[in-house]
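Written below as structure tokens is the structure these notes are about.
The values are calculated or read from the model by the stated rules, or taken from the named source; none is laboratory data. What you see is a predicted model, and the numbers here were worked out from it, not measured in a lab. Here the Cβ positions follow ideal geometry from the backbone for every residue, glycine too, while neighbour counts run over all protein chains shown.
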Amino acid sequence: MDAPLATMLGTGFLLGWSVAWPPGPINAEIARRCLASGFWAGFGLLLGACGGDALWALLVAVGVGAVFTGAVMHALLGMLSVGLLLALGFVFARGAWRDLRSRSGSDPRPARFDSSRASVLLGATMALTSPWNVAFWLAAVGRPEMTRYGLAALLVLVAAVILGALTWGALWSAIVVLLRRRTGGRGWSVAVKALTGVLMLYFAARSALSLAGR
């Protein structure tokens, strides 16, 4: 069965936008990186995450994604995701403490961890280790009523979802950079790192409770 191209593109774009904008660890880290190192450091994280999402989507579209929905794989991916969030929470909390102790009046030089390349790698890792990403793509393109449209139509839908997410990411990154410029970019380091660290720990705790069925 053929699906109208405009329908697939519109549906996918709105779906990608709707799942990208709610607060979460990726949006929190995009904001922190934009404040620390500028637009591309933050937007690069979303580029990496979209690359990881595209891989999950491809696996689901060709029928391999179901392998990752078993209880063991779901738990394994969940533990990896929680571990990554805990590690990030620790890194940012430590960074905030070091910046506070330095008593420097200017913003510290961005660390290598905040580079554009590191952003892409971290974004991909966050997407690939999230079991909820697999569930999302199974719901988006793995349903029987979707698979009957054929692989080409599913790939169009996937591309539209990614485009919607990237559009939101570009807008969010630009807003954060504009905020940074308007306020001069000074005094952000301690507060932003500390807040991001707390958020990562919160998301880790929430993910752990979800995995435990609470």
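If I go through the stretch 113-140 residue by residue, how many of them are under 17 Å from Val82 (Cα atoms) and outside any helix (DSSP H, G or I)?
Within the stretch 113-140, residues that are under 17 Å from Val82 (Cα atoms) and outside any helix (DSSP H, G or I) number 2.
Taking the options Ala165, Ala205, name whichever one is modelled with pLDDT of 85 or more and surrounded by fewer than 20 Cβ atoms within 10 Å (Cβ to Cβ).
Step by step, each of Ala165, Ala205 is checked, and only Ala205 is modelled with pLDDT of 85 or more and surrounded by fewer than 20 Cβ atoms within 10 Å (Cβ to Cβ).
For residues in the stretch 74-112 being hydroxyl-bearing (Ser, Thr, Tyr) and part of a loop (DSSP other than H, G, I, E, B), which is modelled with the lowest pLDDT?
Ser106
On the basis of being at pLDDT 85 or above, aliphatic (A, V, I, L, M) and touching a helix residue (DSSP H, G or I) at 6+ places or on another chain (Cβ under 9 Å), does Leu5 make the cut?
Judged against the criteria, Leu5 is not a match.
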